[in-house]
Each structure stands twice: as structure tokens, then as C-alpha cells.
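See structure below.
The values are calculated or read from the model by the stated rules, or taken from the named source; none is laboratory data. Source: prediction; values computed, not measured. Here Cβ is always computed from backbone atoms with ideal geometry, including for glycine, and neighbour counts include all displayed protein chains. Ligands, DNA and RNA are excluded from the accessible area calculation, which covers all protein heavy atoms including side chains. Shrake-Rupley method; radii C 1.70, N 1.55, O 1.52, S 1.80 Å.
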Amino acid sequence: MVLILAHAGDAGAAAVAAQLARTPGAPRVRLVRPEALTLARWSHRLPAHGAALTRIDGARGAPVADGEVGAVLNRIRRLPAAGFHRATAKDRDYAAAEWQALVASWLAALGDRVVHPVHRHPWVTPLLSTLHWSAAAASAGLPLAHCACREHARAAAATSGDCGCSTGNPPAVDDASGRVLVADEEADGTLAAVFGEVCIATARQLGFPLLEFRFIRQDGEFRLAAVDALPALQDPRDVVRVGRLLQRRCLRSLS
């Protein structure tokens, strides 16, 4: 089963679920809201030896057990802790922290079945700071937009080259922009032919199997301006590639 964790307004997640549902031979797909997880009954055991064992009952459908889950697409942006609106602020903060820890422990135990793997990045919502992705992109040889270069320069004494940020002159920004979507070892998008292989290498270094690289045109060339771990998935080709990624995760979990 493919489990997609996404909020009600996440059109990209809904499109991936619909794509998998109509793909012959694809695993069963289930779309679960984070709010439904909050209201469900959980059994989460941490044995002395081995991975955690989790069963979730009442998540607006049949129970979810670890052994049934072949892949998870985690699109959680916020994780509400329900039932504490009358509690003190201190108790609400404590409940929210415990709830985050429970969900993170569950996803971490699922390992590489989760996109993105929580055991590598220990937070429920996938986070990727500018300093983090710009350092990896620069080391891989991707040209950085001036704003990203300034962030990277604060964290490292040297970058892959002179970004021109020290000149004090505002960069010339053209109307053109481009993007590359990386899904495992596949790359697509308007600039995939130019930057696809380098973006795949950058995503591999970052440890994120699904990333969108967004470029802007400055001073006559395309430069990387942003990297998103939760891409919108508005392009039908992106939806197909993410579906393939999840199918590969399912096959890998069975092997």
C-alpha cells in the first residue's frame, strides 16, 4: 500500500493518489489527512531489539499497520495536536512536542519507505534551509542566484566560484525562469537537459529523493534560486514521476 499524508488543500498529493489509482498494477493507495492521524488510536511499541511496531486505528478508514505500508509520501506541513484547546499553554506545548515525537518515531521506523526518510532528517515536516541546499549545490557545480550566494558565503569561506555578490551592483533579473524536478535518479522540467544530472547529484548529497530546483535568469544565465522539498506537483509529468518513485519504493520494500 502507498500511504500519502497530505492536507485537504494539497492538489498535488491528490493528483498523485489519483494517478496511482488508475495505473494498472500499481499498489493500493490511501490518502490520509494529518488531522485524521491526530484523532486516531495509536499502538506504538519500541521493542528492545528491532524496529518500532505501529498500528493506527480510526484514521478515517481501515487500520494502518507497518507491514502493509510499502511507501509513504509525507506532505505534512503542520501537525495539529487535537483535544487540548482548554489546556494551559505549557500543557499544549508539551502535548504538541510529544505528538511530533510519536509521528516522527513511526515514520523513522519505516526507513526508506518514506519520502523523505525521517531517520536521516529527524523532523516530521521536511525542512531544507538555504544554507544547506546552497552549499550542496555549489559543491556540485550549480550556479547560484545572487541571493543564495550571499547566504552560502556566510557559512563558508569559499564557494565554487565568484558569485559577484560583493560588487554591490544589483543583479539583472530577466523574466525567464526554469525548473528541474528530481525524483530518485530521474529528472524532468524545463531545464532538465541542462542541469538534470547535477540536480540529481545535489539531491543525492542532500539525502532527499524528491526535490524541485527553481532557477531564475540573472545577468544572462540561469542560476539556482530555490530548492523545495515539498513541490506543488502541478505539472502532470511531475505527478507521473512521483507515482513511479512510490512504486519503486514499494517494490524495494518487498525485495
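Please enumerate the residues belonging to region 98-113 that are free of Cβ contacts under 8 Å to residues at least 24 places away in the same chain and either touching a Cys at 6+ places or on another chain (Cβ under 9 Å) or open to solvent by 60 Å² or more (accessible area, probe 1.4 Å) (or both). Glu98, the sole residue that qualifies.
If only residues of region 10-43 that are small (Gly, Ala, Ser) and in contact (Cβ under 8 Å) with a residue 60 or more places away in the chain are counted, the one that is farthest from Leu246 (Cα to Cα) is Ala11. Residue count for region 19-35 under the criterion of being of a type in the set (Lys, Arg) and closer than 14 Å to Ala8 by Cα: the result is 2. Beta carbons closer than 9 Å, at least 6 apart along the sequence or on distinct chains, pair a first residue in region 63-84 that is at positive phi with a second that is open to solvent by 50 Å² or more (accessible area, probe 1.4 Å) and aliphatic (A, V, I, L, M) for Gly83/Leu39.
Kindly indicate whether Ala51 is assigned to a helix (DSSP H, G or I), over 26 Å from Arg244 (Cα atoms) and touching a residue at least 12 places away in the same chain (Cβ under 8 Å). Taking the combined requirement at face value, the residue does not satisfy it.
Going through region 2-28 one residue at a time, which ones are open to solvent by 40 Å² or more (accessible area, probe 1.4 Å) and either of a type in the set (Lys, Arg) or assigned to a strand (DSSP E or B) (or both)? Selection gives Arg22, Arg28. If you check Pro47 against the conditions, is it open to solvent by less than 60 Å² (accessible area, probe 1.4 Å) and either in contact with a strand residue (DSSP E or B) (Cβ under 9 Å, 6 or more places away or on another chain) or not aliphatic (A, V, I, L, M) (or both)? Against the criterion (open to solvent by less than 60 Å² (accessible area, probe 1.4 Å) and either in contact with a strand residue (DSSP E or B) (Cβ under 9 Å, 6 or more places away or on another chain) or not aliphatic (A, V, I, L, M) (or both)), Pro47 qualifies. Where strands (runs of 3 or more DSSP E) fall entirely within region 169-255, those with at least 1 residues that are touching a residue at least 40 places away in the same chain (Cβ under 8 Å), over 19 Å from Val2 (Cβ atoms) and over 20 Å from the mean Cα position of the chain (by Cα) are at 173-183, 210-218, 221-228. One residue alone among His132, His116, His152 is crowded, with 20+ Cβ neighbours inside 10 Å, in contact with a Leu (Cβ under 8 Å, 6 or more places away or on another chain) and at pLDDT 85 or above, and that residue is His116.
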